[in-house]
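For reference, the structure is listed below as structure tokens.
Only the coordinates and a few stated rules stand behind these numbers; no lab work does. As the structure is a prediction and not an experimental result, all values here were calculated from the model. Cβ atoms come from the backbone with ideal geometry, glycine included; neighbour counts cover every protein chain shown.
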Amino acid sequence: MSRPTLRQAEFAASVAEQTIRVAPTLRRAAQRVLTVCALAFGLVLAGCSMFSGTSAKQAVAAVDWSAAGDAILVQLDADDLLNEYNNEPHTLLLGVVQTADADSFRKLSADAGTLASTLGEAAPNPAILQLTRYVVQPGGHTILSIDRAAKAKMVGLIAGFYTMDPASSARLFEIPLAISNQAFVGHDYAAQPQTLALRLSLGRDAISDAARLNPEPPQIVAAQKRAQAKQQIVPLDGGGKEVPLTPSNGAADTATIKLPN
């Protein structure tokens, strides 16, 4: 074997020197690649958590049904011949009953005797979370403001006419919920009870009209329009609407609104 020439030796030394200089650069480049990969993986995990937040159904199930002041409003109008008997008007006792579910109020208003007993309830009834009574004058017009009891999801109205009958003397409404998506990307829903506003008209011998009122102050309406893409007002089961006292067999209390997952 021939010995390497001086030129070959110098070339080999140059290559070795360059390799020594390049090695740290390669290590730094490799470290940068690993850092970028780690950051990308972290962003993927964060993105997954943003897209898999609380669903609307989970938010409804986790609602805190706490007490709230002035959370039930009733616009009350009475006929001039309210509770007519022997061609004369009379005052009437109105009861606003708060319960945790619809069945509890249905049992309290099953017939005329049960209605009268509920309205005149003296001893505490575990099915009644709160009972508020008002004496209504013939021709009276007023707005009742009532605090919502803790755990209350339903509000029943009982009008003490001389001719007590569930079909004409009692109504039941559900307290609505507001569900809002609080995530910038994906979904993360939160839900909370809203104020229930009702209009109640009392006729001569029956409830002539009972309906939920929806008008909001202009500033709230404007805010809701701006947030329309991110918020929807929905009921506990379907709109905060009136709940039938005698639902058909197998039927839901109200038309169910499908909640987003």
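Key figures for this structure:
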| quantity | calculated |
| --- | --- |
| Candidates per trypsin sites (Lys or Arg not before Pro) in segment 91-178, loop by DSSP, up to 15 other Cβ within 10 Å | 151 |
| Distance (nanometres) between label positions extended 7 Å along Cα→Cβ at residue 213 and residue 123 | 3.8 nm |
